[in-house]
Amino acid sequence: MRRHLIPLMIASALLAACDAPPEDRAPASDAGAEDPPPSVLVEDATAVITGRLFVSGEGKVLEEGVVVLAGDRVACAGIPQACHWPERTPEHDFPDHTILPGLIDLHVHARPHYAGAFLPAGVTTVRDLNNTLATVEALRAAEGAPMVLATGPLLDGPDAFFAQFPGSTAGHPAEDPLEAIMPIVVTSPEEAASAVRALAGAGVDVVKLYEQLPLEVFQAAVDAARASGLPVAVDLGMALTRGLGGAEVDIVEAAEAGVSTIEHLSGLALAYQRRGGDPFAESVDEAIIDEIAESLLASGVAFVPTAATALRMKDESRFPAEGLPGVDGMTPVLDGQWDRARAGAEQGRAAAEADVRLMRALFPRLMAGGASVGAGSDLPAAPGVYPGWGLHQELEALVHLGMTPAEALQAATVVAAALAGRDDIGELTAGSRADLVVVAGDPTRDITHSRQITAVWFGGESVDLDLAWERVAKAMEAAAAALGR
């Protein structure tokens with residue numbers, strides 16, 4: 001977008017209103033406006049980015065927009081007339097591009113060797129849901145890492161799935177070093193509350209509860225988290241995982257217990273079954289789904305459906321990422337895990353189909369009822385859901401399920417920020433973190449345009465995309481060598 005000349009009378013009025021020095025200027029997109037809007041002078045501006053602007057809080061686009069950065073913060077954003085800046089400020093003009101807030105992936109399982117893949121894919125914040133505290137620190141220290149919000153280790157019962165792996169570090173804070181435990185095993189309400197308080201003391205951003213917690217233990221953990229001011233994310237199991245075998249709490253019970261977000265629409269198959277439905281039947285009992293939806297909407301709980309993962313577990317051809325930067329180098333490292341996932345999905349084909357069928361039935365009801373839905377990829381749980389790009393795959397899946405592209409972008413920006421408990425990200429407004437992404441085209445018209453990353457700013461610093469992907473390639477080569485691949 002080229003800056004238009006401003007008629008002398010309007011320019012004079014703008015300068016007088018802002019008491020701006022003569023060398024400052026305010027580009028305008030409507031030179032004939034009789035009553036120009038108030039304008040903000042950013043004397044300490046460090047960068048100016050112009051182009052089409054997605055206003056995430058309103059879900060709309062300004063065809064001519066500007067974002068002015070001052071260090072690590074946004075100082076001014078909106079129509080071009082809204083902002084003044086000194087003549088010396090570096091300007092970055094992106095015609096036929098869209099400026100987005102930095103994208104937020106609400107559900108990842110990250111490792112340090114691919115922590116650098118998020119920023120060049122436009123994902124400036126991730127919410128890591130289950131790692132040791134030591135791994136979380138390593139993620140945050142990794143070169144080129146995004147902002148990492150984290151649960152640390154999840155809480156589960158003595159039959160915890162993650163406690164069954166060879167080399168598991170399952171334990172309890174009263175007996176083991178907190179930074180090395182994963183998962184935390186609890187057997188009573190008192191242990192659950194104590195464990196949550198320990199995590200709160202360690203500075204986690206959110207608490208995660210898993211499948212095997214009895215309701216009274218689950219409720220004690222939720223209450224302790226709320227008392228500590230922490231949101232609660234839950235994975236209650238799916239038909240494909242352990243949601244119908246050993247899981248204790250269903251989706252409605254969790255919502256009524258006061259959790260913040262339900263991941264994967266987990267616990268749905270169990271709630272459906274408990275109400276007399278057959279999750280594996282080829283048709284869905286609409287009355288049962290209506291009953292479940294009504295209860296969920298009344299609770300006010302929010303959802304992170306990780307729809308791309310569920311849909312790809314059923315059909316791996318959906319929402320492909322082949323050809324995107326970094327993908328070829330990440331595949332050899334992740335293929336071992338994905339081969340195990342493929343085998344599980346093939347063995348549980350009917351269960352994967354049941355999860356998708358129930359998701360397709362419930363999701364439109366949640367959207368129609370105004371539920372908050374955030375975007376999370378669950379990477380790398382499903383084959384071909386890649387670090388960084390997995391969020392774009394999820395955006396496409398959300399549109400596939402009925403969201404508009406603008407709603408999907410909100411799910412990864414302003415809604416995601418609210419669900420993460422952050423008011424400084426997710427929107428490009430004065431005072432927010434200077435995290436933003438520039439993409440070619442208009443993703444509010446075609447959601448796949450979100451993948452066309454042209455530029456990224458993180459904390460006010462421009463990200464060298466080529467260098468970032470080179471670093472990812474080297475890190476993945478080292479990881480592949482360590483695995484003998």
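The values are calculated or read from the model by the stated rules, or taken from the named source; none is laboratory data. None of the values given here were measured: they were computed from a predicted structure. Here Cβ is always computed from backbone atoms with ideal geometry, including for glycine, and neighbour counts include all displayed protein chains.
Across segment 67-100, the number of residues qualifying as under 18 Å from residue 456 (Cα atoms) and touching a Lys or Arg at 6+ places or on another chain (Cβ under 9 Å) comes to 11. Looking at 379, 419, just one residue is in contact with a His (Cβ under 8 Å, 6 or more places away or on another chain) and crowded, with 22+ Cβ neighbours inside 10 Å, and that residue is 379.
Restrict the check to segment 26-45 and report whether at least one residue is β-branched (Val, Ile, Thr) and modelled with pLDDT of 95 or more. Before the answer, list the steps.
Going through segment 26-45, the residues β-branched (Val, Ile, Thr) turn out to be 40, 42.
Imposing the further condition that a residue be modelled with pLDDT of 95 or more reduces the set to 42.
Among the residues of segment 26-45, at least one is β-branched (Val, Ile, Thr) and modelled with pLDDT of 95 or more, which makes the answer yes.
Only a single criterion out of (1) among the hydrophobic types (A, V, I, L, M, F, W, C); (2) in contact with an Asp or Glu (Cβ under 9 Å, 6 or more places away or on another chain); (3) closer than 28 Å to residue 288 by Cα; (4) part of a helix (DSSP H, G or I) is not satisfied by residue 358, namely (2). The helices (runs of 4 or more DSSP H) found wholly in segment 374-429 and carrying at least 1 residues that are under 30 Å from residue 82 (Cα atoms) and within 14 Å of the chain's Cα centre (by Cα) occupy 405-411, 414-419. With a requirement of 1 or more residues that are within 22 Å of residue 291 (Cα to Cα), the strands (runs of 3 or more DSSP E) lying completely within segment 170-272 that satisfy it span 232-234, 261-263.
For segment 446-472, taking the residues that are among the charged types (D, E, K, R) and farther than 15 Å from residue 433 by Cα, the one that is nearest to the chain's Cα centre (by Cα) is identified as 451. Exactly one residue out of 112, 183, 101 is touching a residue at least 24 places away in the same chain (Cβ under 8 Å) and more than 24 Å from residue 340 (Cβ to Cβ): that is 101. Just one of the listed residues (256, 248, 211, 263) is of a type outside the set (A, V, I, L, M, F, W, C) and surrounded by fewer than 18 Cβ atoms within 10 Å (Cβ to Cβ), and it is 256. Just to verify a result, which residue in segment 151-167, among those that are assigned to a loop (DSSP other than H, G, I, E, B) and over 18 Å from residue 195 (Cα atoms), is nearest to the chain's Cα centre (by Cα)? Within segment 151-167, the match that is nearest to the chain's Cα centre (by Cα) is 165.
Would you pick out the residues in segment 430-485 that are of a type in the set (Asp, Glu), within 19 Å of residue 118 (Cβ to Cβ) and either touching a Pro at 6+ places or on another chain (Cβ under 8 Å) or assigned by TED's automatic domain parsing to the domain that holds residue 114 (or both)? Explain how you work it out, then say what you get.
Step one: of segment 430-485, the residues of a type in the set (Asp, Glu) are 435, 442, 446, 461, 464, 466, 470, 477.
When the remaining residues are screened for being within 19 Å of residue 118 (Cβ to Cβ), the result is 435, 461, 464, 466, 470, 477.
Within segment 430-485, 435 is the sole residue that qualifies.
In the set 343, 293, 361, only one residue is free of Cβ contacts under 8 Å to residues at least 40 places away in the same chain and at negative phi; that residue is 343. The condition of being surrounded by fewer than 23 Cβ atoms within 10 Å (Cβ to Cβ), closer than 27 Å to residue 346 by Cβ, at pLDDT 95 or above and out of contact with any Asp or Glu (no Cβ under 7 Å at 6 or more places or on another chain) does not hold for residue 230. Picking from residues in segment 302-318 that are hydrophobic (A, V, I, L, M, F, W, C) and more than 11 Å from residue 356 (Cβ to Cβ), the one that is surrounded by the fewest Cβ atoms within 10 Å (Cβ to Cβ) is 302. Comparison of 217, 136, 206 shows that the only residue that is buried (at least 22 other Cβ atoms within 10 Å of the Cβ) and in contact with a helix residue (DSSP H, G or I) (Cβ under 6 Å, 6 or more places away or on another chain) is 217. Against the numbered list (1) surrounded by fewer than 22 Cβ atoms within 10 Å (Cβ to Cβ); (2) outside the structural domain of residue 45 (by TED's automatic domain parsing); (3) not acidic (Asp, Glu), residue 119 comes up short only at (1). Among the residues of segment 400-407, at least one is in contact with a helix residue (DSSP H, G or I) (Cβ under 8 Å, 6 or more places away or on another chain), surrounded by fewer than 23 Cβ atoms within 10 Å (Cβ to Cβ), charged (D, E, K, R) and closer than 26 Å to residue 206 by Cβ.
The condition of being in contact (Cβ under 8 Å) with a residue 40 or more places away in the chain, on the phi > 0 side of the Ramachandran plot and within 13 Å of the chain's Cα centre (by Cα) holds for residue 122.
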